[in-house]
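Shown next, in C-alpha cells, is the structure this report addresses.
The values are calculated or read from the model by the stated rules, or taken from the named source; none is laboratory data. Everything numeric in this text was worked out from a predicted model, so none of it was measured. Cβ coordinates were reconstructed from backbone atoms using ideal geometry, including for glycine residues, and neighbour counts include every protein chain displayed. Surface accessibility is based on the protein's heavy atoms, side chains included, excluding ligands, DNA and RNA. Shrake-Rupley method; radii C 1.70, N 1.55, O 1.52, S 1.80 Å.
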Amino acid sequence: LWIIFFDGEDVGDDSDTMFYGSRRLAEQLGASAAKPEWLLVADMIGDTHLAIRKDANSDERLVAYVWEKARELGYGRQFRNAETAVMDDHVPFMAIGVPSCLLIDFRYGPLNSYWHTAKDDMDKINARSLKAVGDVIYRVVEGLDSGELAAG
C-alpha cells in the first residue's frame with residue numbers, strides 16, 4: 001500500500017502542462033514490476049455537500065467495485081450514480097495500464113465558488129465527508145488486498 005501526495009496538478013490548462021507529480025511517477029514506473037496493481041485518487045473530498053460522481057476516465061470495474069462498497073456502507077447519497085469525465089492524477093496511471101479510480105467532488109462550494117480561491121480553508125472541510133470517503137477507501141483496499149476483485 002502506497003500513500004502518495006502529488007504536487008503540480010493544477011499548474012496549466014491542459015494535460016501536457018498539468019499533473020507534474022503523477023506524470024513523473026507514472027513515467028518512472030512505466031512497465032516495471034514495481035507499479036501498483038490499483039490506484040485510488042481522492043481529490044476534493046471534504047466538501048460539506050459531498051457528491052462524488054462516477055468518472056468516465058477511470059477503470060469501469062474498479063469504479064463499480066468502489067460504488068458497491070459505498071452502497072454497502074450506506075454512503076449511496078455521497079457516491080452518486082451520475083457520471084462525469086475529469087482529467088486528474090489518475091490519467092497517467094491509466095495510460096500505463098494501472099486500473100485507477102478517481103474520487104472527486106468537482107463542485108466545491110456554491111457554484112464552485114471555493115475552488116482555487118482564498119475561501120478554500122479549513123472551515124469548509126467536513127469531517128463526515130472525510131469519514132465517508134475514508135471508510136469506503138478502507139473497505140475497498142481491504143477487499144482488493146484479499147483478492148475480492150481480481151487484478152487485470
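If you plug the beta carbon distance of Glu148 and Thr17 into 1/(1 + (r/R0)^6) with R0 = 41 Å, you get a FRET efficiency near 0.60. In the context of the full set of protein chains, residues of region 34-106 present 43 Å² of accessible surface per residue (probe radius 1.4 Å, heavy atoms only). Percent relative contact order of the chain, based on C-alpha pairs within less than 8 angstrom and at least six residues apart? With pairs under 8 Å counted, the relative contact order is 30 percent. Quote the FRET efficiency, to the nearest 0.05, computed for Lys35 versus Glu83 with a Förster distance R0 of 25 Å and r equal to the Cβ-Cβ distance. Efficiency for this residue pair is about 0.40. Within the accessible area of the chain, the carbon and sulfur atoms contribute 52%, probe 1.4 Å, all protein chains present. Size of the chain from its Cα atoms: along the principal axes, largest to smallest, the extents are 43, 38, 24 Å.
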